[in-house]
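Report on the structure given below.
We did not get these values from a lab; they are worked out from the coordinates using the rules stated. On a predicted model such as this, the values are computed, not experimentally measured, just so you know. All Cβ positions, glycine included, derive from the backbone under ideal geometry; neighbour counts span all protein chains shown.
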């Protein structure tokens, strides 16, 4: 008999009733150190007082009016994003998947409005852009994502990771855009080298194709800059944002230059809930905190501390771990065992982690996590690795 909750997840036998900072608690009172942060969502941890206050204050005034009307909270957050980024304009969504759908539409509408038949969008192996039909069509080589859901939408070319010759050959006068994550998340915490992001920008400038960055997982301070592409000193034409921007409240956005967004006129896109007063009130507080240079300096300091600890962990368990990779507090442990085994062993140590492709264990803690909690997390990973070694 099918469960009342559609069984599309292999859920862990854990349920939490309370969270504070980097910790979660079950109804039985067991406390777990959370190094997943809801898959990079809880940027400021669980029940962050500043976000609770922002949400509660707004909830007592107004929840929803729809985008048929002006929404002051939405305007304030859009203004903050425009001020802090490359963008000239912002559309708010409820999720990263919705942001992906708009980014795809926006790129194609840009060319259509210019009277040009350029619909092809180039993506890369290992990418993850969401689970809608449009988003899975962008990664047609991923059997896990696309099997049984055909026919897929046409107009996508997925290329091998880091094959520069294939990329240059694939970009033609029919190419509408190149879509890439500056740091792949689901694909195994794979950062795109700065010189490659610069090369993509140059290639798009040369050919006219739009450059789309998917910063749903790697954005909003996760890598130690407000957005990951800033490390390379380049800017996209369109960017997808979600996860951390809401600090746990469902919120996403598409940011764009005026030129890239020029085809999106009244009636070309919409969202009933996107940019509602509740989400934008929380998002504005997240932006206020995370965009502070002092906060980002702290993220980088914590990241350096964590990286050092993880390198020592890898050296101590050569039969379990191969290497550390990632950027900022978006880190991955390349494993010699199945990541699911390490996730399960970590549960025994009351530690929460997230598996990824390419045999990688993801570590995505709250950005304001303390050094003490990071050290405790590595200690528990050490115990989990020892447990696996003894059971081998």
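One table, with the values for the structure above:
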{"item": "Order of 380, 222 - criterion: other Cβ atoms within 10 Å of each residue's Cβ, fewest first", "result": "380, 222"}
{"item": "Residues of the stretch 255-280 with amide N under 17 Å of the 7 Å Cα→Cβ point at residue 116", "result": "257-264"}
{"item": "Folded to 0 to 90 degrees: helix 49-59 orientation relative to the chain principal axis, Cα", "result": "50 degrees"}
{"item": "Label-zone membership for the stretch 72-108, site residue 258, 7 angstrom Cα→C-beta point, backbone N under 13 Å", "result": "87-89"}
{"item": "Options (i) 39, 20, 19; (ii) 36, 23, 21; (iii) 33, 26, 20 - which one matches semi-axes √(5λ) of the Cα gyration tensor in Å as calculated here", "result": "(iii)"}
{"item": "R0 of 51 Å, Cβ-Cβ distance residue 165-residue 9: FRET efficiency to nearest 0.05", "result": "0.85"}
{"item": "Computed helical MRE - 222 nm, the chain, DSSP H runs ≥ 4 contributing -39500 (n - 2.57), nearest 500", "result": "-11500 deg cm²/dmol"}
{"item": "Helix 277-290 axis, angle to the chain major axis (alpha carbon atoms, nearest 10°)", "result": "70 degrees"}
{"item": "Using alpha-carbon coordinates, inclination of helix 293-316 to the longest axis of the chain, degrees", "result": "50 degrees"}
{"item": "Relative pair counts by distance (%), Cα atoms of the stretch 258-320, 5 Å bins", "result": "4, 12, 10, 10, 12, 12, 10, 10, 9, 7, 4, 1"}
{"item": "Gain upon complete extension [residue 68, residue 173; 0.36 nm per residue less C-alpha separation]", "result": "34.0 nm"}
{"item": "Rg(Cα) / (2.2 N^0.38 Å) computed for the stretch 57-99, rounded to two decimals", "result": "1.30"}
{"item": "Fewest-first sequence of 4, 323, 112 by Cβ atoms within 10 Å of each Cβ", "result": "4, 323, 112"}
